[in-house]
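Heads up, the thing below is written out as structure tokens.
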Amino acid sequence: MPNILRPDLALRVFEAGAIQFGMFHLHLHETRPDAPPSPIYCNFRASPAGPLSSDDVDALGKGVLHQRARLDGVRYEAVEGIPRAGVPRAESFAEVAAVPHYGLLHKEESGTGRISCVEAKRHKAEIWARVIPERMLLIDDVVTEAHSAIEAVQAMRSLGFSVTDVLVLVDREQGGEKALAEAGLTLHASWRLSELLRFYRERQLITEGKYQEVLAYLRVNR
């Protein structure tokens with residue numbers, strides 16, 4: 001049986017429908033519309049945007065994400081969620097880790113979907129009254145090519161925070177870790193997608209055919 005972090009939570013999200021199979025267009029298709037559709041989609045959001053309950057989301061932040069950060073020895077004084085999916089996870093993580101979560105990042109609604117610190121203006125005086133730069137840990141649900149994570153890092157660094165690490169639930173293994181490394185960042189993933197799939201296959205929750213189909217897609221689309 002594959003050695004996977006928090007198998008109870010891996011099973012919990014699968015049973016809730018967070019791991020979906022079909023043909024999906026991802027964020028990467030906004031810049032690469034000719035890329036093949038993905039045969040798998042990970043949706044770790046709470047209802048109504050996703051299949052998880054608020055208790056599920058809370059358990060992921062306080063459980064598997066916090067455990068990964070401890071196992072990897074990640075150093076941080078505050079956390080920030082990458083909007084939008086990373087925010088509730090960061091809130092739960094901050095609670096169990098007893099560190100601040102400022103909620104400074106904002107995803108623009110102009111159609112670009114870019115991540116900025118628009119919301120930081122109203123908090124700027126409060127933040128600057130603290131010891132800056134603090135070491136900030138960025139948290140998200142899934143990393144694919146890491147475009148959103150890198151935008152978020154740039155935004156936080158523009159405020160004076162030190163950012164060296166990004167923590168996610170799932171690394172889709174499609175170039176995100178390499179892109180983050182090139183930006184001077186270390187990726188910490190609770191689960192790698194291939195490991196998660198192997199775990200589900202061993203539990204006979206997915207077929208060998210589906211397992212091989214997704215692996216073939218990942219090999220070609222890295």
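The values are calculated or read from the model by the stated rules, or taken from the named source; none is laboratory data. On a predicted model such as this, the values are computed, not experimentally measured, just so you know. To get the accessible areas, we keep the full protein, side chains included, count just its heavy atoms, and leave off ligands, DNA and RNA. Shrake-Rupley method; radii C 1.70, N 1.55, O 1.52, S 1.80 Å.
Annotations for the structure displayed:
- Nearest-ten-degree value, helix 86-97 long axis tilted from longest Cα axis of the chain: 70
- Solvent exposure of the chain amounts to 47 Å² per residue of accessible area, where only protein heavy atoms count and the probe is 1.4 Å.
- Rounded to whole numbers, the Karplus 3J(HN,Hα) couplings from phi for region 136-141 are 9, 9, 8, 10, 9, 8 Hz, using 6.51 cos²θ - 1.76 cosθ + 1.60 with θ = phi - 60°, and x at Gly and Pro.
- For region 173-216, the mean projected area of the C-alpha convex hull, equal to one quarter of the hull surface, is 3.3 nm².
- Solvent-accessible area of region 1-91 (1.4 angstrom probe, protein heavy atoms only): carbon and sulfur portion equals 49 percent.
- C-alpha long axis of helix 193-202 to longest principal axis of the chain, angle in °: 40
- Compared with the dominant Cα axis of the chain, that is its longest principal axis, helix 147-158 is turned about 10°.
- Computed [θ] at 222 nm, deg cm²/dmol, the chain (DSSP H ≥ 4; -39,500 (n - 2.57); rounded to nearest 500): -11500 deg cm²/dmol
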